[in-house]
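Okay, structure first, notes after.
The values are calculated or read from the model by the stated rules, or taken from the named source; none is laboratory data. Note that this is a predicted model, so its numbers are computed, not measured. Cβ sites come from the backbone with ideal geometry, for glycine too, and all protein chains shown count toward neighbours. All accessible areas refer to the heavy atoms of the entire protein, side chains included, with ligands and DNA or RNA removed. Shrake-Rupley method; radii C 1.70, N 1.55, O 1.52, S 1.80 Å.
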Amino acid sequence: MTIEVRVPQLPESVADATLVAWHKKPGDSVRRDENLADLETDKVVLEVPAPADGILRELSAATGAVVTSGVLLALIDEGAITSSSAKGVSASDSPSSEAAMTSTADASDGTASTKVAPAARRMLDEKKMSTSDVSGSGRDGRVSKQDVVRALSAKPTAAARAASTPSTPPSTGGHGRTEQRVPMTRLRARIAARLVEAQATQALLTTFNEVDMTSLNAARGQYKDRFEKAHGVRLGFMSFFVKATVEALRKFPVINAYVDGTDVVYHDYYDIGVAVSTDRGLIVPILRDADALSYADVERAVTGFATKAREGTITLEDLTGGTFSITNGGVFGSLMSTPIVNAPQSAILGMHKVQDRAVVVAGQVVVRPMMYLALTYDHRIIDGREAVQFLVTIKECLEDPARLLLQL
């Protein structure tokens, strides 16, 4: 019996997807729920599972094709498993996919099954590398794209030399200089379009303040071990910043609003986006109803987002919505920046590097751990007074963490 493999139903917010990789070729044995192909949208990478056991008869869409929901991708002859496959030893078989991570066996070199993220798998194929060339840093030895990049830089092997060769014909000038043209990924193109749209349609302005992190550092130092023992997650900065942000949004609801035509739409809930950097680009998963979350809930969610982003398992549900965003350039060493609003939201908070600086306290020059804060906002609906007082509220909450518990 012939089984059709079609593009899964894409969410309403996603018009189409790009077929970025096939993991099977015609004639290969496949098992039910095994990942056959990766589809890249402007937000996430989706997997196409096999609907039944059988032999992949033909591919109806080539790598690079733009497809929509329901489009035919391939045909499978159901039940036509080879004798070796029936015994579970076919070199082309892979275990069932596990969420968005897939266990793949490298038949060419006989390595043990290794879990590989979709982006890493594509890069391994492009660079003609096997999983034996890479040490996975993820959970259970999962291989991420960063692991492949590290392996390429650490070993000047033939694979690494192949990696440095442009996939398109280079334009060569004098002294051996080369150029290469590489298409943007769907996510990078979407990010570019949204950033340009935000700057073209909003009256963006940034205001700054700074926060003395002494009290916050002391609170974390005093309770971090007990917190981790009680909740099973580390106590970081982000939970304090999220809670301080919610308190500031309560006082200045226009910063939690957005412009829709000639109307201003106010939210009576607080869905906070937390920017996460991935090897595909910046994504902003959402902490829904952040006002109802405990500190432990926030830390668990943020840690979970980082793990899912690293492993390529972020879902569209994780990325949909949001009323306000926070981005932390400090993890990369940024001392000050002017973040761009995540439209249609009207404001974004930028965190930065904590750095010891000389400041004046009670008439005395002392050294304190200081962080610059930045608020970029849409000046069409947010006045400078509100933006400044919003940052002052966050500053006061962080410099006196007890205010967060008392909602002062």
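Brief remarks on what is shown
- Placing R190, R121 in order of accessible area, with the largest value first and a 1.4 Å probe, yields R190, R121.
- Cβ-derived FRET efficiency at R0 25 Å, R403 paired with V265, nearest 0.05: 0.30
- Gap separating the Cα centres of the stretch 319-335 and the stretch 201-279, nearest whole Å: 9 Å
- Listed residues H352, H267 arranged by accessible area, highest first, probe 1.4 Å: H267, H352
- Cβ-defined net charge surrounding S346, 9 Å radius [Lys, Arg +1; Asp, Glu -1]: 0
- Accessible-area value, T313, 1.4 Å probe, nucleic acids and ligands omitted, Å²: 20 Å²
- Among the listed pairs K24/K128; K229/K353; K251/K353; K251/K395; K353/K395, a Cα-Cα separation exceeding 19 Å is found for K229/K353; K251/K353.
- Beta bridges per DSSP with both ends in the stretch 270-326, % antiparallel, nearest 5: 60 percent
- Overall, the accessible surface of the stretch 242-366 at a probe of 1.4 angstrom is composed of carbon and sulfur to the extent of 54 percent.
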